[in-house]
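Scroll down for the structure; my scribbles are underneath it.
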Amino acid sequence: KAGVTQTPRYLIKTRGQQVTLSCSPISGHRSVSWYQQTPGQGLQFLFEYFSETQRNKGNFPGRFSGRQFSNSRSEMNVSTLELGDSALYLCASSGLGDTQYFGPGTRLTVL
Amino acid sequence: AQTVTQSQPEMSVQEAETVTLSCTYDTSENNYYLFWYKQPPSRQMILVIRQEAYKQQNATENRFSVNFQKAAKSFSLKISDSQLGDTAMYFCAFMNRDDKIIFGKGTRLHILP
């Protein structure tokens with residue numbers, strides 16, 4: 001089976017812009033979770049989608065949003081980018097109640 | 001709220017030695033999952049080992065094994081015969097019934113030649 005894929009792998013944006021990241025889960029996985037990883041805060045949970053519904057949400061401002069499509073692919077969007085949003089964004093997919101498998105991540109740099 | 005604590009920010013061991021990484025967690029739940037993930041310099045997060053809380057037997061995967069002490073809420077990872085390729089950041093993680101994962105801050109492990 002192909003693993004979790006994330007696009008793009010690298011992004012450079014400027015403050016105030018918005019960005020959309022994409023994640024394609026392992027075939028058959030219906031749950032997709034998103035994480036932000038920074039040197040200072042470590043790995044922080046953003047949200048989780050299951051069958052096109054947001055099932056869990058972390059403590060991030062409303063500028064961070066996501067969605068999931070009927071084929072389980074997911075996107076996350078960050079609006080009005082801030083310097084502090086520079087991070088590695090990781091996506092993970094899983095079957096129900098199962099282990100999460102991670103993609104390679106998208107490294108976002110905000111200038 | 002659940003928390004995961006890794007008390008060793010960084011460790012170094014010689015190749016072929018055995019090393020143990022510590023992890024403690026806090027939860028009021030009885031059924032949950034625990035994981036160790038490895039993140040090498042490539043940044044790809046790789047599952048090392050998984051433990052279901054209802055299982056008393058410690059999980060093992062080749063050179064990797066855990067010491068799961070449910071009452072003490074401790075979940076340490078032992079790497080035997082360490083190899084240079086084991087150099088990575090290791091994260092302990094807890095997953096509850098809602099499939100939400102909480103990660104520790106990580107332990108940076110250096111395997112020295």
Practice problem: Please work out the ratio of the alpha-carbon Rg of the protein assembly as shown to 2.2 N^0.38 Å and round it to two decimals. | Solution: 1.02
Quiz prompt | Spatially proximal lysines relative to B:Lys55 (Cα-Cα < 17 Å; intrachain offsets below 8 disregarded) | solution = B:Lys70, B:Lys73
Quiz item: For segment A:19-111, what is one quarter of the convex hull surface built on the Cα atoms, given in nm²?
Solution: 5.7
Quiz item: What would the Debye formula give as log10 I(q)/I(0) at q = 0.24, 0.28 Å⁻¹ for the alpha-carbon point model of segment B:1-62, no solvent?
Solution: -1.35, -1.41
Practice problem: Can you tell me the relative contact order of chain B? Whole percent, Cα pairs under 8 Å, sequence separation 6 or more. | Solution: 37
Quiz item: Can you put B:Glu17, B:Glu10 in order of accessible area, largest first, using a 1.4 Å probe?
Solution: B:Glu10, B:Glu17
Quiz item: Of B:Lys38/B:Lys100; A:Lys57/B:Lys78; A:Lys13/B:Lys105; B:Lys78/B:Lys105, which sit over 21 Å apart, Cα to Cα?
Solution: A:Lys57/B:Lys78; A:Lys13/B:Lys105
Quiz prompt | Rounded FRET efficiency, nearest 0.05, which uses the C-beta distance separating B:Asp98 from B:Met11 and R0 of 41 Å | solution = 0.80
Quiz item: Per 5 Å bin, what percent of the C-alpha pairs of segment B:32-113 does each bin hold, from zero upward?
Solution: 3, 14, 26, 26, 17, 9, 4, 1, 0
Quiz item: Counting other Cβ atoms within 10 Å of each Cβ, which chymotrypsin sites (Phe, Trp or Tyr not before Pro) in segment B:53-113 have at most 16 and sit in a DSSP loop?
Solution: B:Tyr54
Quiz item: In chain A, which longest range has no trypsin sites (Lys or Arg not before Pro) that are both DSSP loop (not H, G, I, E or B) and surrounded by at most 13 other Cβ atoms within 10 Å?
Solution: A:64-111
Self-check item: Listed residues B:Asp86, B:Asp81 arranged by accessible area, highest first, probe 1.4 Å
Solution: B:Asp81, B:Asp86
Quiz item: Using 7 Å Cα-to-Cβ label points, what is the A:Leu111/A:Asp98 separation (nm, one decimal)?
Solution: 4.2
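The values are calculated or read from the model by the stated rules, or taken from the named source; none is laboratory data. Because the structure is a prediction, the values reported are computed rather than measured. Neighbour counts run over all protein chains shown; Cβ positions are idealised from the backbone, glycine included. The protein model used for the area step is the full one, side chains on, heavy atoms only, and it has no ligands, DNA or RNA in it. Shrake-Rupley method; radii C 1.70, N 1.55, O 1.52, S 1.80 Å.
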